[in-house]
Amino acid sequence: MKVLKTVTGSKFQYKVHPDGEIIVYPEQDGALQERSAIVITPYTIKLIREAIQSARSVHMGASRDNPPAHSLGALLKQEGQSPQQLSYLIPLLIAEGYCDCVKDGQAFVVRYRGGQR
């Protein structure tokens with residue numbers, strides 16, 4: 001499996017399933033693990049890619065409870081999904097050159113850069 005870090009520095013492992021799903025194994029108690037996973041579907045990946053490209057610059061909003069209005073997290077909440085997925089999807093999109101992420105006060109702003117599709 002491959003290893004990346006969230007924008008706040010936590011490590012996670014992941015693998016991409018042949019059907020396009022991303023299977024993420026978040027760090028637990030400061031250590032990598034393979035017991036518990038989060039699946040990010042192709043639908044969610046496409047939704048977030050399109051939102052980043054359309055907005056060009058948008059707040060990440062990965063708060064599970066109350067993501068800021070007009071953020072990527074708010075978009076996922078509207079879809080009945082957890083904004084937590086962004087903690088893992090955004091670093092993957094950064095790694096492929098699709099976007100970057102900068103800290104703005106306490107918030108993280110995702111900026112479109114093009115990259116792979």
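The values are calculated or read from the model by the stated rules, or taken from the named source; none is laboratory data. Bear in mind that the values here come from a model prediction, so they are computed numbers and not experimental data. All Cβ positions, glycine included, derive from the backbone under ideal geometry; neighbour counts span all protein chains shown.
Quick one: which helices (runs of 4 or more DSSP H) sit completely within region 1-102 and have at least 1 residues that are surrounded by 15 or more Cβ atoms within 10 Å (Cβ to Cβ) and aromatic (Phe, Trp, Tyr)?
Once the helices (runs of 4 or more DSSP H) in region 1-102 are filtered for at least 1 residues that are surrounded by 15 or more Cβ atoms within 10 Å (Cβ to Cβ) and aromatic (Phe, Trp, Tyr), what remains is 86-95.
For region 21-33, which positions are farther than 15 Å from Ser10 by Cα and out of contact with any helix residue (DSSP H, G or I) (no Cβ under 9 Å at 6 or more places or on another chain)?
Result: Ile23, single match.
Looking only at region 34-68, which residues are among the polar types (S, T, N, Q) and at pLDDT below 95?
Quick first cut of region 34-68, residues among the polar types (S, T, N, Q) only: 36, 41, 44, 53-54, 57, 63, 66.
Scanning region 34-68 gives Ser63, Asn66.
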